């Protein structure tokens, strides 16, 4: 699996056909970081759409402008579904706020762990 390592996140296309965006510990993801993640997804996936797993390490944040960007169609050109896996109560609150208030334009769900998120995402793979 090739991984693209960015300032605030790493992006990889998993062997099971799921794109994994991992936001690094202590990272503060802004709009320029989010745009770089989308470009990395396109590069890894040969400009095709994939289900995307997003998870964060401790003390990682995604600012308002980046959250608004992620919810829009222009950020989801390589995404057919998003699963946000949280690992802390704070991340759960932010993830649920994102889904309920930013209203992402692709199917998006919040999960307590990566495993549950991955199972849901597998239903969106093109080559099941």
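Per DSSP helix of 4 or more residues, -39500 (n - 2.57); summed, then divided by the residues of the chain. What does that give at 222 nm, rounded to the nearest 500?
Details: 4 runs with 39 residues, N = 128.
Computed ellipticity for the chain at 222 nm equals -9000 deg cm²/dmol.
Once you keep just the Cα pairs under 8 angstrom separated by 6 or more residues, what percentage relative contact order results for segment 5-70?
Numbers: 109 pairs, mean separation 26.6, N = 66.
RCO, segment 5-70: 40 percent.
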Check your understanding: Taking neighbour Cβ counts within 10 Å as the exposure measure, how do 28, 33 sort from fewest upward?
Key -> 28, 33
Study note, to complete from the structure: Bridge orientation stat for segment 3-128 from DSSP, antiparallel percent rounded to 5, came to 30
**Study point:** Identified option (computed Rg/Rh (Cα atoms, Kirkwood Rh); candidates (i) 1.29; (ii) 0.94; (iii) 0.91)
**Key:** (iii)
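Using Cα-Cα distances under 8 Å and only pairs 6 or more residues apart, what relative contact order does the chain have, in percent? Write out the running numbers ahead of the final one.
Working: 259 pairs, mean separation 30.1, N = 128.
So the answer I get is 24 percent.
Provide 50, 89 in ascending order of the number of other Cβ atoms located within 10 Å of each residue's Cβ, fewest first. Please report the intermediate quantities before stating the final value.
Details: 50 22, 89 8.
Lowest to highest Cβ neighbour count: 89, 50.
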Check your understanding: Can you give me the Cα centroid spacing of segment 51-95 and segment 8-32 in angstrom?
Key -> 9
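Each reported figure results from applying straightforward, stated rules to the coordinates on display, with no laboratory input. Values in this document were obtained by computation on a predicted structure and should not be read as measured data. Glycine also receives a Cβ, built like all others from the backbone with ideal geometry; neighbour counts cover every protein chain displayed.
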